[in-house]
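For reference, the structure is listed below as structure tokens.
No lab work stands behind these numbers, since they all come straight from the coordinates. Just so it is clear, the model here is predicted, and its values are computed rather than measured. Here the Cβ positions follow ideal geometry from the backbone for every residue, glycine too, while neighbour counts run over all protein chains shown.
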Amino acid sequence: MRKMKTKRINISLLLISIGIITLNMSCSKHGGINDPDIPVIIKPEPGKDITTLPIIVHIIHEGEHVGEGTNLSKNRILRQIEILNEDFRRKEKTRGFNDHPDGADTRIEFILAKQNPDRKLSNGINRINRNQHSVEELGYNQNHFAQYAYWDPKNYINIWVSPLPKEAECLVLGASTGPETNLPGSHFLSVPGPNDADGILINWAHFGETDINCHARFGRTLTHEMGHFLGLLHTWGDRKCDTNDYVLDTPGVIKEVFGRNKFIGCSGEEVQIENYMNYTDDEVMNMFTKGQAERMHYVLKNHKGRNSLISSFALD
């Protein structure tokens, strides 16, 4: 989760007005490998090929017209996905580029889903007016927003863009569930239980590029949370110099990393202030390391739920 250092906010009070009914999203059964209408898909090899993953963006809004307030415009949504790819692919001439010797093009890309669960064409954006629904108040978490809509996590990365009030701006940024694997440190991630929703929450004020007066206004909240979704820890990890985030090429640090100024961490090394897995300012973030990329590809290859995204019909 990305957050501010000193301020705290009562999420339950912020969300007490958010009401919805449970939407039972039923996915039709998919044909087998011998179904003549469904092509055989050859999975890319994570780490060798470009791995493409499908996203469904659930815009939970306050009933405004498209492009106003919490009902974000299509262009703003498209720009956020573009930023995500600039960061994960370390694209030149973008904010996501770095020339650090340990910096990585992760070879992971994201697209908006091209089909909905019924295999009908989709633009990957699902708009829902929260005022037309009523749900149980569960706090700021995936289970609450999954009551609006939840597409099969084996085929989609669910992203809920939440309509938090103005008071939450720059205080509540986002949150993500993480994958349970045999990688060291996985227990520090927010692993969903058997009946829990799996996906990413982003406060609408921090989705895409904005002109708000906040350190998090260039769309890096989603980059950070997607890192968690694919198995990355914060750079400080378990706050022990010898283990930390269990990635060798991220310098050790035993405390949360905020702001934009470097400082000395473990063993006299400067912290990697530009790493996406810090709480640092969006303006200085521009780096995943080679080790972090390897960890994400291990998850994509070995975690059943994340691996299934690689061959999702929503990519076609």
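Observations, loosely collected:
- Proximity of backbone amide H atoms, modeled 1.01 Å from N, is registered between Arg90 and Thr106 at under 5 Å, excluding neighbours fewer than 5 places apart on the same chain.
- Between amide H atoms placed 1.01 Å from N, distances below 5 Å from Asn203 occur with Ser162, Gly174, all of them 5 or more places distant or on a separate chain.
- Here the Karplus curve 6.51 cos²θ - 1.76 cosθ + 1.60, taken at θ = phi - 60°, turns the phi angles of region 214-219 into couplings of 7, 5, 10, 9, 10, x Hz, with x standing for Gly and Pro.
- Across region 246-252, coupling constants 3J(HN,Hα) worked out from phi with the 6.51/-1.76/1.60 Karplus curve, θ = phi - 60°, read 6, 10, 5, 9, 9, x, x Hz, and Gly and Pro carry x.
- Reach of Lys255 by Cα under 20 Å, taken over aspartates and glutamates that are not fewer than 8 positions away in the same chain: Glu225, Asp238, Asp242, Asp245, Glu269, Glu270, Glu274, Asp281, Asp282
- Dipole magnitude for region 193-316: computed about the Cα centre from +1 point charges on Lys and Arg Cβ and -1 point charges on Asp and Glu Cβ, it is near 260 debye.
- Hydrodynamic estimate: the Kirkwood radius of region 201-300 over Cα pairs, inserted into Stokes-Einstein at 4 °C and 1.567 mPa s, corresponds to D of 94 µm²/s.
- Between the amide H of Leu53 and those of Glu109, Phe110, Ile111, distances stay under 5 Å, these residues lying 5 or more places away or on another chain, with hydrogens modeled in the peptide plane.
- Distance between the pseudo-spin-label points of Glu45 and Cys266 (7 Å out from Cα toward the beta carbon): 3.3 nm.
- Calculated log₁₀ intensity ratio I(q)/I(0) where the Debye formula runs over C-alpha points of the chain, q = 0.13 Å⁻¹: -0.94
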